[in-house]
Amino acid sequence: MEELRRPRDLRLLLQAPARFAGKRPVVVIVHGGPEGQSQPGFIARNNYYLDELGVALLYPNVRGSTGYGKTFVRLDNGAQREDSVKDLGAALDWIASRPELDADRIMVMGGSYGGYMTLAASVHFADRIRCAVDIVGISNFVTFLENTEAYRRDLRRVEYGDERDPEMRKKLLEISPLTRAAEIKKPLFVIQGKNDPRVPASEAHQIVATLKQGGTPVWYLEGKDEGHGFQKKRNQDYQMYATILFMKKFLLDGMAE
């Protein structure tokens, strides 16, 4: 792990060990929230990607992340949602500027709101990524707001916009990855808990079904006894193994070992 950026920076890069020669593939990991923040810390299973697969990890803090002031947190609210997606594009530009990173081998991965960002990146940057992993992500803001548990619905409307307002509903549908699923061409791995009260499994079902109809390579893993993210160790292990297989097939395929 050769480079560790300060938590105030807008991105955190973790480099693979020096024994891995040449430009390294990159996994861009987007935090949830949206009001979260990626900071240096223990990365648990993700160490495997660095130490065994030789993949660099980039954790961007896009507009809407905490830790940079209240104005920054609000920059992605409501109709400004896709401004945060533009920040992912800037992260891809940054990767391309780094001689030690391989801009032709990029995978985007995220959970919850990070799952939405993963799907959005798959739409907007289909020509710049190799594959993506969406974990309990929002595929349609309108169906998400209508089906998320009632106790949190009004709180989410403050962040994303009120789908009951006709103009906002139109905007939410316009920016939803499901609406533009035909533009998702790169392989996608969708991971979902069947009993998720926050992002219902229907969000995963509809994007998977749509991509299958369009012929986009899509893998789907559903935890029958899980909610918003896998909590049971046996399921976490299975998710990890499946993700490694997905990466080897679609991100690392053709690389010299």
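The values are calculated or read from the model by the stated rules, or taken from the named source; none is laboratory data. These numbers come from a predicted model, not from an experiment. Note that each Cβ is placed from the backbone with ideal geometry, even for glycine, and that neighbours are counted across all protein chains shown. Surface areas here come from the heavy atoms of the whole protein model, side chains and all, with no ligands, DNA or RNA. Shrake-Rupley method; radii C 1.70, N 1.55, O 1.52, S 1.80 Å.
Among the residues of segment 153-177, what is the count of those that are within 28 Å of residue 57 (Cβ to Cβ), surrounded by fewer than 22 Cβ atoms within 10 Å (Cβ to Cβ) and at pLDDT 90 or above?
1
Exactly one of these conditions fails for residue 132: (1) touching a residue at least 12 places away in the same chain (Cβ under 8 Å); (2) within 15 Å of residue 198 (Cα to Cα). Give me its number.
(2)
Being over 19 Å from the mean Cα position of the chain (by Cα) and under 19 Å from residue 59 (Cβ atoms): is that true of residue 122 here?
Numbers: over 19 Å from the mean Cα position of the chain (by Cα): no; under 19 Å from residue 59 (Cβ atoms): yes.
Considered against the rule, which asks whether it is over 19 Å from the mean Cα position of the chain (by Cα) and under 19 Å from residue 59 (Cβ atoms), residue 122 comes out as no.
How about segment 203-257: which of its residues are open to solvent by less than 80 Å² (accessible area, probe 1.4 Å), more than 15 Å from residue 192 (Cα to Cα) and over 19 Å from the mean Cα position of the chain (by Cα)?
Residues satisfying the conditions are 214, 215, 254, 255.
So for segment 221-229 (the condition being of a type outside the set (Ser, Thr, Tyr) and part of a helix (DSSP H, G or I)), does at least one residue qualify?
No, that holds for no residue.
Which residues, taken from segment 93-152, are out of contact with any strand residue (DSSP E or B) (no Cβ under 8 Å at 6 or more places or on another chain), assigned to a helix (DSSP H, G or I), open to solvent by less than 20 Å² (accessible area, probe 1.4 Å) and aliphatic (A, V, I, L, M)?
Within segment 93-152, 120, 123, 142, 145 meet the criteria.
List pairs: first in segment 205-226 and closer than 17 Å to residue 123 by Cβ and modelled with pLDDT under 95, second in a helix (DSSP H, G or I) and open to solvent by 20 Å² or more (accessible area, probe 1.4 Å), Cβ under 7 Å, 6+ apart or cross-chain?
214/182
Determine if segment 181-198 includes at least one residue that is in a helix (DSSP H, G or I), open to solvent by less than 30 Å² (accessible area, probe 1.4 Å) and out of contact with any Pro (no Cβ under 6 Å at 6 or more places or on another chain). So that I can check it myself, show each step before the final result.
Of the residues in segment 181-198, the ones in a helix (DSSP H, G or I) are 181-183.
Within this subset, residues satisfying the condition of being open to solvent by less than 30 Å² (accessible area, probe 1.4 Å) are 181.
Now restrict to residues that are out of contact with any Pro (no Cβ under 6 Å at 6 or more places or on another chain): 181.
Within segment 181-198 (the criterion being in a helix (DSSP H, G or I), open to solvent by less than 30 Å² (accessible area, probe 1.4 Å) and out of contact with any Pro (no Cβ under 6 Å at 6 or more places or on another chain)), the answer is yes, since at least one residue qualifies.
For segment 60-83, which residues satisfy the criterion of being buried (at least 19 other Cβ atoms within 10 Å of the Cβ), farther than 16 Å from residue 176 by Cβ and modelled with pLDDT of 75 or more?
60, 61, 62, 63, 65
Is it the case, given these coordinates, that residue 172 is under 24 Å from residue 80 (Cα atoms) and either part of a loop (DSSP other than H, G, I, E, B) or aliphatic (A, V, I, L, M) (or both)?
Working: under 24 Å from residue 80 (Cα atoms): yes; either part of a loop (DSSP other than H, G, I, E, B) or aliphatic (A, V, I, L, M) (or both): yes.
It is true that residue 172 is under 24 Å from residue 80 (Cα atoms) and either part of a loop (DSSP other than H, G, I, E, B) or aliphatic (A, V, I, L, M) (or both).
Under 7 Å between Cβ atoms, at least 6 apart or on separate chains: pull out the pairs that start in segment 90-117 with a residue that is farther than 28 Å from residue 239 by Cβ and end on any residue that is of a type outside the set (D, E, K, R) and surrounded by fewer than 23 Cβ atoms within 10 Å (Cβ to Cβ).
96/103
Where the second residue is acidic (Asp, Glu) and the first is farther than 14 Å from residue 120 by Cβ and lies in segment 166-186, which pairs have Cβ atoms under 8 Å and are six or more apart or on separate chains?
168/162; 169/163
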